[in-house]
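Worksheet: the structure to be examined is printed underneath.
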Amino acid sequence: MTAIARKCPLCEHSSGFSLFHSDTVRDYYRCKYCFLIFVPPEYFLPSEAEKAEYDRHQNSPDDAGYRTFLGKLFMPMQERIRPHSVGLDFGSGPGPTLSVMFEEQGHNVALYDPFYAPERKVLKVEYDFVCASEVVEHFKNPKIDLELIWSLVKPGGWLGIMTGMAQDREAFTGWRYKDDRSHIAFFSVETMEWIARKWQAEMLRVEKSVFLFQKP
């Protein structure tokens with residue numbers, strides 16, 4: 001049965017989006033204003049099932065391959081922040097690694113994850129840099145959640161986002177990234193550009209799936 005999207009969860013337009021793709025599991029809508037592709041709440045996993053998906057991840061600071069993967073975000077951020085900066089790994093997951101990589105370079109990094117590091121006092125502080133690696137695609141309320149992480153960045157500081165990039169309809173149809181049922185919000189370059197304009201931020205695309213935003 002086709003779910004009915006009520007409004008775009010990023011720009012909150014109540015019109016201007018349309019069905020982009022449908023498969024046997026879910027429907028996907030695309031907004032013509034901010035270009036976000038999203039699934040309606042009817043398809044969200046219950047919290048227990050969502051956590052079960054994350055529990056399957058075997059990420060660890062001892063995994064050289066995982067470090068290489070995170071290096072796509074780590075290296076360009078490391079090049080831009082000052083020595084002994086204070087940062088936040090937002091959505092750190094069951095095996096925090098990005099924070100370890102920064103700490104090895106002399107930075108101090110706090111962790112937040114709604115399942116694995118849920119202490120919200122770290123969300124009351126501003127940081128020199130915030131990283132969200134493979135996180136935003138899980139946002140149920142991307143407008144609220146993106147505004148939150150942006151509010152945690154000090155003026156002149158950096159936000160780094162790494163997420164799979166949606167392309168055209170044909171590519172989306174065969175895209176395995178969309179098949180992870182915990183992935184419910186799909187960003188494109190156009191979406192990132194829309195976000196940068198909204199924030200009046202400088203945006204750098206430093207890798208295919210990695211974007212840095214500098215706060216004015």
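Of note:
- Any chance LEU88 is assigned to a loop (DSSP other than H, G, I, E, B), under 17 Å from the mean Cα position of the chain (by Cα) and surrounded by 15 or more Cβ atoms within 10 Å (Cβ to Cβ): no
- Answer residue from the range 152-203, given it is of a type in the set (Lys, Arg) and in contact (Cβ under 8 Å) with a residue 12 or more places away in the chain and is farthest from SER133 (Cα to Cα) among those: ARG169
- Residues that are outside any helix (DSSP H, G or I) and surrounded by 16 or more Cβ atoms within 10 Å (Cβ to Cβ) within the range 96-106 comprise PRO96, THR97, listed in sequence order.
- Residues in the range 146-164 that are in contact with a helix residue (DSSP H, G or I) (Cβ under 8 Å, 6 or more places away or on another chain) and surrounded by 20 or more Cβ atoms within 10 Å (Cβ to Cβ): LEU146, LEU152, TRP158, LEU159, GLY160, ILE161, MET162, THR163.
- Cβ separations smaller than 6 Å between residues 6+ apart or across chains give the following pairs from the range 21-47 residues that are under 11 Å from PRO9 (Cα atoms) and modelled with pLDDT of 95 or more to residues that are among the hydroxyl-bearing types (Ser, Thr, Tyr) and part of a strand (DSSP E or B): ILE37/TYR28; PHE38/TYR29; VAL39/TYR28.
- Among the residues of the range 9-53, the ones that are exposed (fewer than 12 other Cβ atoms within 10 Å of the Cβ) and not acidic (Asp, Glu) come to 8 in all.
- Among the residues of the range 116-151, those that are in contact (Cβ under 8 Å) with a residue 40 or more places away in the chain, over 16 Å from MET77 (Cβ atoms) and touching a Leu at 6+ places or on another chain (Cβ under 6 Å) comprise PRO142, LYS143.
- Filter result for THR68 (part of a loop (DSSP other than H, G, I, E, B) and β-branched (Val, Ile, Thr)): no
The values are calculated or read from the model by the stated rules, or taken from the named source; none is laboratory data. The structure presented is a predicted model; accordingly, all values stated were derived computationally and were not measured. Virtual Cβ from ideal backbone geometry, glycine too; neighbours counted across all protein chains shown.
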